[in-house]
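Here's the structure, in structure tokens; my notes come after.
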Amino acid sequence: MQKTLRDSAALRWLVLILISSLLFSTYWFYDFYGGIKGLMERGMGISSEEYGRIMSSTTYANVVGMIILGGIILDRWGIRLAGLVFGGLSFLGAIISAAAVAGWFGDDKSTMLIWSIVGRIIFGIGMEVVCVMVTRTIVKWFMGYEMALAMALNIGFGRLGTAMGMAVAPDLAAGGFISPAFSFAAILIGISLVFFIIYIFFDIKIDKQRAESGIVTEEEVDEEKFRFADFKKLITNRSFIYIALLCMVFYSAVFPLLAYAPDLLVNKYGFSYEMGSDGEFLIFGSAILGTAFIFVLLLIFGLSFSMVPRAFKSNTHKLLSFLVISTLFLGYVYVLRDVFSEWLLNGPKTASLIPMGTILFTPIFGSIVDKKGKAATLMMIGSALLVFAYLSLSVFNHVYLGYLGLISLGIAFSLVPAAMWPAVARIVAENRLGTAYGTMFTFQNWGLAAFFWGIGALLDFVNRYRLADIEAGLTNYDYTIPVLMLALLGVISAWLAYKLKQADKLQGYGLENPHTSN
Ligand SMILES: N[C@@H](Cc1c[nH]cn1)C(=O)NCC(=O)O
């Protein structure tokens, strides 16, 4: 058969980098606010509830079905046009948000707040559909090749965006000026759109080649398309209902926490927001470049740990490669020991290690699920870890228990997604997967809408008699009750995972069986 562009490994990986840049930049924009929550409150004069409202507004359009509509549009228009339109929307939303905090629409609090919300709503419409579009593009190029690896790398780029956004935003907002952090994040989306436009040339070419060689084109492949008949079937399937609810409750306990985690560490343990010079690693005199370099190396180590030993067949080679990577990693930690010890006392840098840790752990747990199964049990364990994490970060006050809580949160954030997404593919037939993911992300956005806002509102409420002192810098926010509320979500997640396990026993999808037995 005639070869197409996707038969070249180099081109496949080039395509992955071009399109994953969109995930990197949109995840960055989604999450960087967490690193500068305190600075936003001071700079814009907003409360925690108003900060929560801005974060929550990202989900508003998705709550009323935008992801599903976006999926239908993606089916009709195809990757190129839909990618440009929805990528363009996320860029537009980011520009509006950056203009809002720069005071372009007016520098009074309510104008800045309203336009920040408008910006986030538009950004949110684009971002979620971009995620679906990028996944489709990976399927188009990697089906029959290294698809699982490509998906893991793609989500790794997203998590890197989250981590770097949280860690670098305070450096960009040095001196309390938040505007550069917003402009930088918006420019990143613009750059990734340029990468996407470059990708379009490859997309046109491969479609032409596939048409010439008689391979079905994107428009003809309807496996991933949204169908209302499928939707009806899905929402009457017990196992799907439990896993979709689990997706909503679990992510509601994790994504919103990321938006508050740096501020929690600053307020509860007295961590810093801005980095002292001891914690800076300079490259060409730039701390931002230095931080980016440290993160990229962490990403490379994370991926090497999880991918390289697995690539060898013999156990000796596996062990040898693991030892080599471990030695290099220890050398890296040793050289940067002074920087890391400062980072562990800085709110945004410490919180950014949660998404960074998932890059290492998610593929490891993914391969455990492949080999041993136990997907529903692992989701129960991941949810229980959330409960432990949030109890450690709320009712106890010891900083070491706090670190342990953050590590548990990182493990839970790796374990549940690693077990959940392949489990969906077992419950739902392949030709209904697009509909299933669109439905699950819609449910997820309902929860996110409530908890992005809810944490901020509850924080203001429980601290209502001390708000003036907090603003004056005389005392700190008490995060105990809002974080305890998230522990409750962990309990509900564990219960839903248990119900899923029971439903699976009745329906026989084999969620507890290894994937290799199929
Ligand atoms: N809905 C997507 C994308 C996303 C990321 N942050 C907020 N929305 C999603 O949840 N993807 C799965 C993941 O684990 O990132």
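The values are calculated or read from the model by the stated rules, or taken from the named source; none is laboratory data. Predicted model only: the values in this text are computed from it and were never measured. Neighbour counts run over all protein chains shown; Cβ positions are idealised from the backbone, glycine included. Calculation scope for accessible area: heavy atoms of the full protein, side chains included, ligands and nucleic acids excluded. Shrake-Rupley method; radii C 1.70, N 1.55, O 1.52, S 1.80 Å.
The figures follow:
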{"quantity": "Lysines whose Cα lies under 16 Å from that of residue 232, excluding same-chain neighbours fewer than 8 positions away", "calculated": "none"}
{"quantity": "Set of aspartates and glutamates with alpha-carbon distance to residue 374 below 20 Å, sequence-local pairs under 8 removed", "calculated": "504, 512"}
{"quantity": "Length gained when the stretch residue 465-residue 398 is fully extended (0.36 nm per residue, less Cα-Cα span)", "calculated": "21.6 nm"}
{"quantity": "Residue-averaged [θ]222 nm for the chain, counting only DSSP H segments that reach four residues, each worth -39500 (n - 2.57)", "calculated": "-27000 deg cm²/dmol"}
{"quantity": "Highest to lowest packing among 416-428, 284-296, scored as the average C-beta count within 10 Å", "calculated": "416-428, 284-296"}
{"quantity": "Surface share of carbon and sulfur [accessible, 1.4 angstrom probe, percent] for segment 418-501", "calculated": "65"}
{"quantity": "The chain shape via C-alpha gyration tensor axes, a/c threshold 1.5", "calculated": "rounded"}
{"quantity": "Calculated FRET value between residue 371 and residue 108, using beta carbons and R₀ = 51 Å, to 0.05", "calculated": "0.30"}
{"quantity": "Carbon + sulfur, % of accessible area of segment 9-214 - ligands and nucleic acids excluded, 1.4 Å", "calculated": "73"}
{"quantity": "Gyration tensor (alpha-carbon) shape descriptor, segment 1-138, a/c threshold 1.5", "calculated": "prolate"}
{"quantity": "Helix axis angle, 48-57 relative to the chain longest principal axis, alpha carbon, degrees", "calculated": "20"}
{"quantity": "Listed residue pairs exceeding 24 Å between alpha carbons, taken from 268/349; 268/499; 3/371; 140/501", "calculated": "268/499; 3/371; 140/501"}
{"quantity": "Förster-model FRET efficiency, 35 Å R0, residue 10 and residue 335, C-beta, rounded to 0.05", "calculated": "0.65"}
{"quantity": "Å² per residue, accessible surface of segment 275-345 at 1.4 Å", "calculated": "61"}
{"quantity": "Cross-link partners of residue 109 among lysines (Cα-Cα below 21 Å; sequence separation of 8 or more within a chain)", "calculated": "37"}
{"quantity": "At most 14 other Cβ within 10 Å, DSSP loop - chymotrypsin sites (Phe, Trp or Tyr not before Pro), segment 443-479", "calculated": "465"}
